[in-house]
Amino acid sequence: MQFKVNNEIYDVVIIRKRTTRNTYIRVKEDMKIYVTTNTFTLNIFIKDLLEKSYNEIAKMIETQKRKNINNDGFYYLGKRYNIVYKDVRGIKLDEDNCYMKEGYDVDTFYKKEASKIFKEKLEENYNKFTRNIPEPTLRIRKMKTRWGVCNVRTHVITLNLELIKRDPKYLNYVIMHELSHLIHGNHSKRFWNLVEENCPGCKKIGKEMKEFL
């Protein structure tokens, strides 16, 4: 199945599951439209739903295009570097270029940098936090849909490795966001007031981050 949006044709991938009650539409980084629905949903219903959701799908496509642009290339701490393949050990950076061997696993570099920078930033923000909270333990891993996670029971804060690519202001925001969960384990008004208290302009920063993930 295909669907036309703004004079461009997009493939529609239909994922049918017995346990799915509702029908969901998403646009992924491969610029295909994914429809997750029940096993018995008819194609005619899906086509009708796509037509009714035209404006929403068009917005999803534009958002995903921006995300793809913002994730194309080598980024480190908010700056985009030109990739130059060269016989070097690891990754070397100058003002504009990133030098590496072809086939080098860039996550090796990111993980090494994140383990140092994230630890420093977590400690720095913890010491500045305006409430008394237990000292958290840091974990780092790649996540597709979340920038951070706080386990309020174990006091473990998990940060998305992708943050190493972005401006440090986003890392600071995510840390303050997760630290605030050690006081409020939800996203209530009191929670957001506490985040704003520790990270002024947090809502604007959070909105900007939707362009990346």
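Quick check on my filter: what residues within segment 166-200 are of a type in the set (Val, Ile, Thr) and in contact with a Gly (Cβ under 6 Å, 6 or more places away or on another chain)?
So the first thing to find is which residues in segment 166-200 are of a type in the set (Val, Ile, Thr), and the list is 174-175, 183, 195.
Within segment 166-200, just 174 meets the criteria.
Pick from 133, 117: which is surrounded by 13 or more Cβ atoms within 10 Å (Cβ to Cβ) and more than 22 Å from the chain's Cα centre (by Cα)? Show your work before the answer.
Values: 117 fails: more than 22 Å from the chain's Cα centre (by Cα).
Of the residues listed, the single one that is surrounded by 13 or more Cβ atoms within 10 Å (Cβ to Cβ) and more than 22 Å from the chain's Cα centre (by Cα) is 133.
Just the residues that are exposed (fewer than 14 other Cβ atoms within 10 Å of the Cβ), part of a strand (DSSP E or B) and out of contact with any strand residue (DSSP E or B) (no Cβ under 8 Å at 6 or more places or on another chain), please, taken from segment 1-32.
8
Residue-by-condition table, conditions (1) closer than 20 Å to residue 167 by Cα; (2) in a strand (DSSP E or B); (3) among the small types (Gly, Ala, Ser):
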| position | (1), (2), (3) |
| --- | --- |
| 48 | no, no, no |
| 51 | no, no, no |
| 68 | yes, no, no |
| 103 | no, no, yes |
| 113 | yes, no, no |
| 119 | yes, no, no |
| 146 | yes, no, no |
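Give 156, 195, 174 a once-over and let me know the one that is open to solvent by less than 20 Å² (accessible area, probe 1.4 Å), within 27 Å of residue 81 (Cβ to Cβ), out of contact with any Asp or Glu (no Cβ under 9 Å at 6 or more places or on another chain) and not aromatic (Phe, Trp, Tyr).
Details: 156 fails: within 27 Å of residue 81 (Cβ to Cβ); 195 fails: within 27 Å of residue 81 (Cβ to Cβ).
Going through 156, 195, 174 in turn, just one is open to solvent by less than 20 Å² (accessible area, probe 1.4 Å), within 27 Å of residue 81 (Cβ to Cβ), out of contact with any Asp or Glu (no Cβ under 9 Å at 6 or more places or on another chain) and not aromatic (Phe, Trp, Tyr): 174.
Which residues, taken from segment 177-190, are touching a Phe, Trp or Tyr at 6+ places or on another chain (Cβ under 6 Å) and open to solvent by 20 Å² or more (accessible area, probe 1.4 Å)?
184
Which residues, counting only those in segment 1-29, are closer than 21 Å to residue 55 by Cβ, within 26 Å of the chain's Cα centre (by Cα) and of a type in the set (Asp, Glu)?
11
Does residue 103 fit the bill of being of a type in the set (Gly, Ala, Ser) and open to solvent by 50 Å² or more (accessible area, probe 1.4 Å)?
Working: of a type in the set (Gly, Ala, Ser): yes; open to solvent by 50 Å² or more (accessible area, probe 1.4 Å): yes.
Against the criterion (of a type in the set (Gly, Ala, Ser) and open to solvent by 50 Å² or more (accessible area, probe 1.4 Å)), residue 103 qualifies.
The values are calculated or read from the model by the stated rules, or taken from the named source; none is laboratory data. It should be emphasised that the depicted structure is a prediction, and the values quoted were computed from it without experimental measurement. Neighbour counts run over all protein chains shown; Cβ positions are idealised from the backbone, glycine included. Surface accessibility is based on the protein's heavy atoms, side chains included, excluding ligands, DNA and RNA. Shrake-Rupley method; radii C 1.70, N 1.55, O 1.52, S 1.80 Å.
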